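Engineer: Here you go, one structure.
FYI, it's all coordinate maths here, none of it is from the lab. Quick caveat, the model's predicted, so the values are computed rather than measured. Every residue, glycine among them, receives a Cβ derived from its backbone with ideal geometry; neighbour counts consider all protein chains shown.
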Amino acid sequence: MLRVFLQFSIIGAWATGLHYLILFSLVEGYGVNAVLATSIGFALSSLFNYAANYRFTFKSQKKHTETYGKFMLVASVGFFLNGVVVTALLDIANIHYFLAQLFATATVLVWNFCGNYFWSFRHKRHELQ
């Protein structure tokens, strides 16, 4: 499980980099609201995240029709968590949007890994060790 988590985290770091690049570009370059910008970044980076985790982390042999919907449902909950954490930290704690995003990223990492490890890509014989 540790190997899978490390691989998931490496791919997640790439997806997070893409997410943050989109977030920063939209906020600083185009004046988009930070919550909307992080939501757009999250959604776009989720597509990369699925493809890379399907192929490299979980080395899935399952059909995309079986895994994609589950992965995106997990990602959708992560999307919601991301928005809630960023909004709460901006509105309640009044911290910089990028720091709020770091906290949200840590929260969503744990959720996404558990959801995908134990549900989206779960093998019947516990092959994900």
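Engineer: In Å, what is the Rg of the alpha-carbon atoms in the stretch 2-120, and how long is Dmax?
Structural biologist: So, for the stretch 2-120, Rg and Dmax equal 14.3, 45 Å respectively.
Engineer: What FRET efficiency comes out for His96 versus Lys63 if R0 is 41 angstrom and r is the Cβ-Cβ distance? Round to the nearest 0.05.
Structural biologist: Numbers: r = 43 Å, r/R0 = 1.04.
So the FRET efficiency works out to roughly 0.45.
Engineer: Also, I was wondering about something else. Before anything else, pin down the relative contact order of the chain: Cα pairs under 8 Å, at least 6 apart, normalised by residue count, whole percent.
Structural biologist: It comes to 29 percent, rounded to a whole number.
Engineer: Report the relative contact order of the stretch 13-53, percent, no decimals, based on alpha-carbon pairs under 8 angstrom and at least 6 residues apart.
Structural biologist: On the way: 30 pairs, mean separation 19.2, N = 41.
Across the stretch 13-53, relative contact order equals 47 percent.
Engineer: Quick check: residue separation of Phe103 and Lys70 times 0.36 nm, minus the Cα distance between them. What number comes out in nm? Let's see the in-between values first.
Structural biologist: On the way: separation 33, 0.36 × 33 = 11.88 nm, distance 2.44 nm.
Stretched fully, the Phe103-Lys70 segment lengthens by 9.4 nm.
Engineer: Given the -39500 (n - 2.57) contribution per DSSP H run of 4+ residues, what per-residue ellipticity at 222 nm results for the chain, rounded to the nearest 500 deg cm²/dmol?
Structural biologist: -24000 deg cm²/dmol
Engineer: Tell me the relative contact order for the stretch 40-106 as a rounded percent, counting alpha carbon contacts under 8 Å between residues six or more apart.
Structural biologist: Relative contact order, the stretch 40-106: 26 percent.
Engineer: Taking θ as phi - 60°, what are the ³J(HN,Hα) couplings along the stretch 56-63 by the Karplus curve (6.51, -1.76, 1.60), each to the nearest whole Hz, with x for Gly and Pro?
Structural biologist: Computed from phi, the couplings for the stretch 56-63 are 9, 6, 9, 6, 5, 9, 6, 5 Hz.
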